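Each remark here refers to the structure printed beneath this line.
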Amino acid sequence: MSEARPSIAEAGERAPTDWRAAAMQRRLRRRYASERRFRLWGLAAVVISAAFLAFLLFTMAASGIGGFLRSEIALPIDLKSAALPVTPEQLRSRGADFALASAGLENFVGVAVVRAFGPEGGDLVADNAWTFVRDAVKRDPSLLGQRVTIWVPASSALEAGARGDGPAPMRALAARFKASGMLARGFDWAFLTGTDSTDPTAVGIWGGLKGSMFTMLVTLLIAFPVGVLSAIYLEEYAPRNRWTDLIEVSINNLAAVPSIIFGLLGLALFLNTLHLPRSAPLVGGLTLALMIMPVIVIASRNAIKAVPPSIRDAALGVGASKVQVIFHHILPLALPGVLTGTIIGMARALGETAPLLLIGMRAFIVAAPDTLTDPATVLPVQIFLWSDEVSRGFVEKTSAAIIVLLLFLLAMNGLAIYLRNRFETRW
Amino acid sequence: MSPFALLLMLAGLGLIAWLTSRARAAMFKRQGGRRMHSLPSQHGTFVAIWTILPALLFLILWATLSPSLVDQQVLQAPAAAQLPPFGFERASILAEARRLAAGSEYGAFNPLADTLAPAMRAAQLKYGWIGGGLTLLLALTCGGIAYLRIRPQFQARSHVESTVFVALLLASLIAIVTTVGIFASLLWESGRFFAVASPIDFLFGTHWSPQVIDPVRPGKSLGAVPLFWGTFFIGAVIAMVVAIPLGLMSAIYLTQYADPRVRTWMKPILEILAGVPTVVYGYFAALTVGPAIRQIAVALGDPFASSESALAAGLVMGVMIIPFVSSMADDAIAAVPTAMRDGSLAMGATTAETIRRVLLPAALPGVVAGVLLAASRAIGETMIVVMAASGAPNISLNPFEGATTVTKQIVDLLTGEAEFDSPKTLAAFALGLTLFCVTLLLNVVALHVVKRYREAYE
């Protein structure tokens, strides 16, 4: 037995720790300080993340709010002196636009602008100002025999001047017009009802919005039934074998595949093999449906799994067939979870851009689509296209479109949360 | 007849079939007085399925066949003799005639299209009526036969339920078909790319210039290493440097320190970060973050700094994936048995010491899996890099310099005006295949780590 090794008895008789000793106090202080520091790091992480979100939303809101407004300038115009060769019948027919255009209305409005605002007047009104005169005449054909004042959109330069940026002469001009009541700033309804354009004062989101709606319609019609049905199969019917494992592995992997890969699939399969029309909401919807189907399957499976077996057993016990058990009892009870998953998947599809770029939905399209096979664009792609534009006026239009997109997403996610809280049963 | 009207008519026929057959089955029940095998509504569904399904399948077949039939008839027209024999021009004239016939376009760009339009319209009308008539005939025949099969002993329920089963099975097979479709299309197009460019050049070449492709050896100007580096640097380095500390620390703070009321509010707010569309992040990165970082770089003494720096894209991407890291870390920490945490606290460790020395080591596999999943999402992310990263294929460690990524190059290659079969567009599919394999690998590894880890504690 070695003398150097202390015996158990000796160790037990060790002097008790003196917690009041200076060394121990220092040690404790250090540990508490490190505890506070760690806690502060955690708080900082949460605050930084939240602050980034707040900054993002604030930037978008601040630069986008102006995109909903438009400066309009009062244009005095003597339509009587124009003596446009159009008949009232023509104005009531479907060809009214064409008749007014070929009667030289655009030139006449240009003359009126120069007469009202001087030789540089063309720089003050938007390029499409004459279409506002045209629409006013279409609404009220009696204007053709009168001298009237029509409010038309101001040009980008005057618009910037009215906001207080741009060159000084334009700012002064804007201030003068404003003082005389000839320049007013109001809500830009044309931004909600218009379509894409090369002139930032004339653009609108309706084309993108309608394209998004068509695309989402196709996505919903495909992804919802397929997703729910395959969730039912996997939860209620599938035998435990290699095929079922393969299906499950495929679904889990598809949920993690980058979205752009679905764009490549859409390009190779739908466009180059099946020859479906390019840029069409039909193809976009199919591509996005494949992308969000795994989300719906996974959410629906969880919802179906959460329905207690007692319900299944009770229904089977009173003689219901398997299909009756599923469609009369399990599916209605699982529906809130299924719908929540579907809405979340649809929200993801609504914000998706990359796969749609690859299937050609990035073309410059002026007309809103009327059918599922018309060339169209969607709201996020429209945002992407506008963000590429050089003209300054597009910055606030882009941010305004982002605000609309975020509002839609917020509404969808809010609906999902409401459904979950209102209808979800805890068994 | 327009397809939409046909679908509506089919739906109406199905409804009528359902109502009449249900009434017929109910009549059998009243008259016969004996027990029927199936409920009247099941008989109704059986007949409705037979009315709609075959006609619908025929309609789909017809919709794919009839355009070529229409084209054939139009080509019989005398004016069609002036058409160029084949190629792009011929297709575009036919497409224009189709649009004129549909009434979606008024003025003809090509006079030939204008002369062909009436023939086109006549042919469309003819085949539209033939298709519509055949569809309705099929619906009525099949529905009628099914209607006549209704008997008290007829097992309508079994038929309906086996149809439902087949529908369920087909729906679940779509996932496999999609996976196979992705893999096959990527592999096929990449195969065509590697037939003209050597895989060695592509995977290990360091020179990327798709604008000027070496005609003799296309692979020489399509070396993807700068892209792989840019993707790794932006997605797996810069984004992770932002996302791991922020995500992990917010998960720790919200689960271990925060008041439950704060937690119920803060968690959904942070989840919003994952729900913001990527195009919005991209715009934010390009408009606000990029120029700000450029100014910082200029202040640090780099007067030629680009506003499309790797740092701007990576930073914003990192913020985007904070919720992924934090929710995976949250789950992993929650899965550590409470006894371990309580034991450590009872021994006198502070909360921070418990987290650092007990919870995190135990939760490490789950956290690692979360980081891998987040990294796979970051390297597959497209819009942020398309909008905020530069197209310059640099291999550089300087975060203020521009870098380009695989996803950005895929978009750039495929949205140009090049014809589809050029090495340039096919290279996009080879890049896609690489991306697909890497993200798949990351996910498989992550799932494997999670599985192993669960076994350790349950």
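Over segment B:3-154, what is the relative contact order in whole percent, taking alpha-carbon pairs under 8 Å and six or more residues apart? The partial results should precede the final answer.
On the way: 147 pairs, mean separation 55.7, N = 152.
After rounding, I find 37 percent.
Going by average Cβ neighbours within 10 Å, how do the peptides A:226-232, B:289-295 rank, with the highest at the top?
A:226-232, B:289-295
Sort B:VAL225, A:VAL378 so that the residue with the fewest other Cβ atoms within 10 Å of its own Cβ comes first and the one with the most comes last.
Final ranking by Cβ density, sparse to dense: B:VAL225, A:VAL378.
What shape does chain A have by the C-alpha gyration tensor, where a ≥ b ≥ c are the square roots of the eigenvalues, rounded means a/c under 1.5, and otherwise prolate means a/b greater than b/c and oblate the rest?
Note, shape of chain A comes out oblate.
Averaged over its residues, how many other protein chain Cβ atoms are within 10 Å of peptide A:243-254's Cβ atoms?
Per-residue shielding by partner chains comes out at 5.
Could you give the DSSP H helices of chain B that reach 24 angstrom or more along their long axis (alpha carbon positions) and whose average Kyte-Doolittle hydropathy is no lower than -0.5?
Membrane-span-like by this rule: B:3-32, B:40-76, B:111-148, B:156-196, B:310-334, B:360-380, B:423-457.
Let me know the mean shielding of A:404-411 by other chains, meaning the per-residue number of their Cβ atoms within 10 Å of its Cβ.
Taking all residues of A:404-411 together, the mean is 2.
To test your reading of the geometry: what angle, between 0 and 90 degrees and rounded to tens, separates the Cα axis of helix A:242-256 from the longest principal axis of chain A?
60 degrees
What does the charge add up to near B:ALA197, with Lys and Arg as +1, Asp and Glu as -1, over the other residues with Cβ less than 9 Å from its Cβ? It would help to have the intermediate numbers written out before the result.
Values: positive: B:ARG217, B:LYS220; negative: B:ASP201.
Neighbourhood net charge equals +1.
What angle, in degrees between 0 and 90 and rounded to the nearest 10, separates the Cα long axis of helix A:129-139 from the longest principal axis of the Cα atoms of chain A?
Helix A:129-139 sits at roughly 80 degrees to that axis.
Starting from the amide H of B:ASN394, placed 1.01 Å from N in the peptide plane, find each other amide H under 5 Å away whose residue is 5 or more places distant or on another chain.
B:THR404
Classify segment B:167-318 from the C-alpha gyration tensor, please: rounded if a/c falls under 1.5, else prolate or oblate depending on whether a/b exceeds b/c.
Oblate.
Pairs of alpha-carbon atoms within less than 8 angstrom and 6+ residues apart define the contacts here; what relative contact order does segment B:218-457 have, in percent?
28 percent
What ranking of A:PHE384, B:PHE228 emerges when the number of other C-beta atoms within 10 Å of each C-beta is taken as an exposure proxy, fewest first?
B:PHE228, A:PHE384
Would you mind ranking A:SER259, B:SER306 by Cβ crowding within 10 Å, fewest neighbours first?
Final ranking by Cβ density, sparse to dense: B:SER306, A:SER259.
Apply the Karplus parameterisation 6.51 cos²θ - 1.76 cosθ + 1.60, with θ equal to phi minus 60°, to every residue of segment B:201-206 and state each ³J(HN,Hα) to the nearest whole Hz, in sequence, with x for glycine and proline.
Going residue by residue, I get 4, 5, 7, 10, x, 10 Hz, with x marking Gly and Pro.
So who's got an amide H within less than 5 Å of the one on B:PHE154, skipping anything under 5 residues away but keeping other chains? H placed 1.01 Å off N, in plane.
So B:PHE154 has HN proximity to B:HIS37.
If I build a Gaussian network model for chain A, linking alpha-carbon pairs within less than 10 angstrom, which residue out of A:TRP386, A:TRP189, A:TRP41 has the largest mean-square fluctuation?
Top of the fluctuation ranking is A:TRP41.
Which net charge results for the neighbourhood of B:SER306, defined as the other residues with beta-carbon distances under 13 angstrom from its beta-carbon, given Lys and Arg at +1 and Asp and Glu at -1?
Here the count lands on -2.
Please compute the average number of Cβ atoms from other chains found within 10 Å of each residue's Cβ in peptide A:30-43.
On the way: counts 0, 5, 2, 0, 4, 7, 2, 1, 11, 9, 3, 5, 13, 6.
If you average over the peptide's residues, the count of other-chain Cβ atoms is 5.
State, as an integer percentage, the relative contact order of chain A based on alpha-carbon contacts under 8 Å between residues 6 or more apart.
19 percent
What's the angle, to the nearest 10 degrees (0 to 90), between helix A:206-232's Cα axis and the longest principal axis of chain A?
Compared with the principal axis, the helix lies near 30 degrees.
Once you have a ≥ b ≥ c as the square roots of the Cα gyration tensor eigenvalues for segment B:3-154, tell me rounded if a/c is under 1.5, and otherwise prolate or oblate according to whether a/b is larger than b/c.
Because a/c hits 1.5 or more and a/b exceeds b/c, segment B:3-154 counts as prolate.
Rule-based calculations on the coordinates, nothing more; no lab input. Please read these numbers as outputs of a predicted model, since none were measured by experiment. No Cβ is skipped: glycine too gets one built from the backbone with ideal geometry, and neighbour counts run over all protein chains shown.
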